[in-house]
Structures are given as C-alpha cells and as structure tokens.
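Reading through the structure tokens given below for one structure.
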Amino acid sequence: MSVFRPEIEEMEGYTPGFQPPEGEYIKLNTNENPYPPSPSALDALRNACGEDLRKYPDPMTAECRRVVAEREGARPQNVLCGNGSDDLLNMAIRAICPEDQAVAYPRPSYSLYSVLGRIRGARVETVEFPDDYSLPRRELARTGARLVLVPNPNSPSGTMLPPAEMGRLAEELEGVLLIDEAYADFADTDCMALALRHENVIVTRSLSKSYSLAGLRFGYAVASERLIEGLAKVKDSYNVSRLAAAGAAAALRDDEWMKKNVQQVRRTRERLVEGLHEMDFHCWPSSTNFVLTRPPEEWNAGELHEELFGRKILVRYFDTPRLRDCLRITVGTDEEIDALLDELRDICLTA
Ligand SMILES: *Cc1c(COP(=O)(O)O)cnc(C)c1O
C-alpha cells in the first residue's frame with residue numbers, strides 16, 4: 001500500500017523549465033529577465049543581512065502591503081503578499097475550492113494550476129482556448145467552478161485578453177475569478193481595476209519577470225478585503241522572509257528601473273518577431289517577455305529544440321497535443337536574440 005493519498009500517488013508533479021549549470025547556455029526557456037534587479041533592491045537586501053534575521057518576519061508584511069497599495073491605488077487591506085505569486089495561487093485554491101468540486105482554467109496555459117488543483121483534491125476542468133487564444137468565456141462560465149484561473153497575458157501563448165472581456169467573465173461567474181498577471185508589466189493594459197471593482201476578482205502579480213527577481217520569490221494579490229482576509233487564513237504564517245520583504249519593497253519603490261528594462265525587452269521582442277517572420281515562422285502577438293512561435297511545416301519543433309540545445313541555446317518545448325509544433329522563446333538581450341536567430345538561420349536555411 002502506498003503511503004500517499006491516491007491523488008498524490010497518481011499525479012505528476014509540476015515540471016519546471018530546465019535550469020542548467022551556470023554560464024554555459026543562452027537561457028531563453030523560463031522567462032527570466034535578462035537584466036539585473038534594481039540596485040536599490042540589492043542595497044536593501046544587503047542591509048537586511050544583519051542580526052535582525054534572528055527574528056521572525058512580519059507575518060502580514062505591512063511595509064510591502066503599503067508600497068503595493070500605493071502602486072495599485074488600493075488600500076493595504078486589499079493586498080496580500082506571497083512567496084512568489086505561485087504561493088498566492090496555492091492559497092486561492094486551498095481557501096476557495098471545495099474538495100471534489102470544480103476548479104477551471106483555459107488551456108494551454110500555466111500547468112501549475114492543474115497540479116495545485118489535484119493536490120487540493122478538486123475536480124480540475126479545462127476549456128480549450130481557440131487557436132487565436134481569445135477567451136472561451138461562455139464555456140468557462142458553464143463549468144460552474146468555484147474558482148476560475150486565467151493568466152492574462154497568457155503563457156505560453158503571450159497573448160492578451162481585453163480587460164472588458166475579463167470583466168464580463170467576472171460578472172457571469174458564480175465563483176471567483178483569479179487573473180494571473182505575472183506578465184502584465186510587459187503589456188499595454190491590465191485588469192487591476194477589476195480587482196477593486198468586483199467582489200469576486202483576485203489579481204496576482206509577480207516580481208519574478210518584470211522586476212528581474214525570480215530568485216527572491218515575491219508576489220502579491222489584490223482583491224476585496226473579504227477575499228484577502230479569507231486567503232490570509234490559509235497562508236503559511238511567515239510566508240515572506242525578511243530578505244524577500246526588504247528586497248521587494250525597495251524594488252517596488254524603484255519602478256523606473258523596472259520600466260526601463262521592460263521597454264528594452266519590448267524592443268528586443270520586436271526584433272525577435274521580425275527575425276522569425278523572415279524565416280516564415282508564425283508568431284502569436286506577444287504582450288509578454290516571450291514569443292510563442294510555430295516553425296514552417298517542413299520543420300519539426302521538437303527537433304529544432306534539440307538542435308538549439310546542442311548549440312547551447314535553451315528554449316521551451318512542450319510535448320503536448322496543442323504545443324508540440326511550437327517553441328516558446330524568452331526575450332533575452334539583443335545579443336542573445338541575435339545569436340538565437342543566427343543559429344536558427346543556420347539550421348533552417350542551410351539544411
Ligand atoms: C512565472 C509565472 C508565475 C509564477 O510567478 P512567481 O512569482 O515566480 O511564483 C505565475 N503565473 C504565470 C503564468 C507565470 O508564468
């Protein structure tokens with residue numbers, strides 16, 4: 001007999017993108033930011049490395065809540081901080097989804113949703129995105145799920161759904177809508193206003209991508225006070241370390257640094273898309289720091305992924321029915337993207 005609950009015994013854990021040994025690879029597979037974090041965040045981290053680490057952190061991270069509230073035009077009571085936004089997704093599923101009832105999300109999107117739902121013992125229902133990644137609104141509403149998760153912009157497609165559509169979905173749902181905005185800083189619009197207007201909307205953000213702080217682990221949720229209070233009940237007591245809180249508060253105060261890097265990433269994104277178009281790769285319109293692309297038919301995406309790997313360039317390949325003819329490429333520096341495009345030209349045009 002297994003020591004584990006049946007749902008744990010049966011499930012596969014989440015598969016993170018490959019993290020290679022330092023330095024050897026051009027790493028365009030896990031949507032990290034190629035630029036360094038804010039120098040003032042690094043200073044704050046160094047300053048936090050003192051004897052105060054002897055003490056527990058503030059369980060509700062009051063300072064970060066204030067800084068986030070100011071950034072988002074909310075009140076601190078509308079904000080909850082987490083150990084990365086993954087932590088907040090986990091809290092939402094644990095606090096909201098009853099066992100054996102539905103949690104729903106559109107697919108292909110973020111595969112962690114299914115893992116968290118299964119750990120919870122919820123019924124995981126997926127609705128397929130159409131090929132243009134527009135919102136399957138009616139189908140999501142029809143699931144009757146207590147919690148619907150929608151990444152916007154979406155990963156791995158990079159596409160953005162209009163906030164008005166998301167507002168309509170919130171109104172049609174019986175349950176809660178969680179909008180996962182891990183990539184919102186790279187887009188032209190966002191749904192933050194919905195979290196402050198609707199009682200049933202949670203918006204989550206992450207410092208991992210736009211703020212170049214994936215290694216720090218910090219994210220936050222914005223929602224009605226009632227929802228935030230419920231989420232806070234299920235969180236780990238000290239889910240944001242003193243170091244994470246100090247670094248995050250300083251990074252959020254230095255928004256200019258983040259915006260400058262985002263502008264550069266958006267310019268390089270155009271360069272990447274132009275280069276791919278020249279080789280007749282199809283690209284879905286990206287509002288993120290990555291591009292989902294489909295090579296022309298004579299090329300097998302899985303083999304291209306392997307070929308690039310052999311040339312020390314990592315991109316993401318998902319061997320699933322909807323994605324096995326595609327590659328997801330993170331926007332690196334101009335130099336990294338030029339190197340990728342050179343290798344692709346070498347593979348595709350000289351073969
Ligand atoms: C990267 C990512 C996250 C995770 O963010 P963390 O703050 O690093 O936990 C959440 N959702 C999506 C869609 C992501 O791509």
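The values are calculated or read from the model by the stated rules, or taken from the named source; none is laboratory data. On a predicted model such as this, the values are computed, not experimentally measured, just so you know. Please note: Cβ atoms are built from the backbone with ideal geometry, for glycine as well, and neighbour counts cover all protein chains shown.
Taking the stretch 237-258, which residues are of a type in the set (Lys, Arg) and under 18 Å from Ala214 (Cβ atoms)? Selection gives nothing.
Scanning the stretch 195-248 for residues that are of a type in the set (D, E, K, R) and part of a strand (DSSP E or B) turns up just one, Arg205. Looking only at residues in the stretch 69-79 that are outside any helix (DSSP H, G or I) and farther than 12 Å from Thr204 by Cα, the one that is nearest to the ligand (Cβ to nearest atom) is Ala74. Filter the stretch 147-177 for residues that are in contact (Cβ under 8 Å) with a residue 40 or more places away in the chain and either surrounded by fewer than 19 Cβ atoms within 10 Å (Cβ to Cβ) or not assigned by TED's automatic domain parsing to the domain that holds Arg107 (or both) and give the result. None; the set is empty.
Taken over the stretch 85-107, the criterion of being surrounded by fewer than 22 Cβ atoms within 10 Å (Cβ to Cβ) and closer than 26 Å to Arg324 by Cβ is satisfied by Asp86, Arg107. Only one of the numbered conditions (1) in contact with a Ser or Thr (Cβ under 9 Å, 6 or more places away or on another chain); (2) more than 28 Å from Asp188 (Cβ to Cβ); (3) of a type in the set (A, V, I, L, M) is not met by Val127, and that is (2).
A quick yes/no check of all residues on (1) without any contact (Cβ under 8 Å) to a residue 60 or more places away in the chain; (2) away from the ligand (no atom under 13 Å from the Cβ); (3) closer than 30 Å to Arg328 by Cβ; (4) outside the structural domain of Trp284 (by TED's automatic domain parsing):
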position	(1), (2), (3), (4)
Thr30	no, no, yes, no
Glu51	yes, yes, no, yes
Tyr56	no, yes, no, yes
Val67	no, yes, no, yes
Gly82	no, no, yes, yes
Arg94	no, yes, yes, yes
Gln101	yes, yes, no, yes
Leu112	no, no, yes, yes
Val115	no, no, yes, yes
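Taken over the stretch 296-341, the criterion of being surrounded by fewer than 13 Cβ atoms within 10 Å (Cβ to Cβ) and over 24 Å from Asn154 (Cβ atoms) is satisfied by Glu297, Glu298, Glu303, Glu306, Gly310, Glu335.
What do you reckon, is Asp180 acidic (Asp, Glu), closer than 30 Å to Val127 by Cα and away from the ligand (no atom under 16 Å from the Cβ)?
Values: acidic (Asp, Glu): yes; closer than 30 Å to Val127 by Cα: yes; away from the ligand (no atom under 16 Å from the Cβ): no.
So Asp180 does not fit the description; no.
Summed over the stretch 285-338, residues that are within 18 Å of Asp131 (Cα to Cα) and assigned to a helix (DSSP H, G or I) total 1. What pairs can you find where one residue is in the stretch 122-140 and of a type in the set (Phe, Trp, Tyr), the other is in a strand (DSSP E or B), and their Cβ atoms are less than 6 Å apart, with a gap of 6+ or different chains? If the second residue must be in a strand (DSSP E or B), the pairs left are Phe129/Pro106.
Residue count for the stretch 204-235, restricted to those that are within 12 Å of the ligand (Cβ to nearest atom) and aliphatic (A, V, I, L, M): 5. Output the number of residues of the stretch 269-280 satisfying the condition of being in a helix (DSSP H, G or I) and either among the hydrophobic types (A, V, I, L, M, F, W, C) or within 20 Å of the chain's Cα centre (by Cα) (or both). Qualifying residue count, the stretch 269-280: 4.
In this structure, Glu298 qualifies as at pLDDT below 95 and charged (D, E, K, R). Annotation: Ile8 fulfils all but one of (1) over 26 Å from Arg267 (Cα atoms); (2) touching a residue at least 12 places away in the same chain (Cβ under 8 Å); (3) assigned to a loop (DSSP other than H, G, I, E, B); (4) not small (Gly, Ala, Ser); the unmet one is (3).
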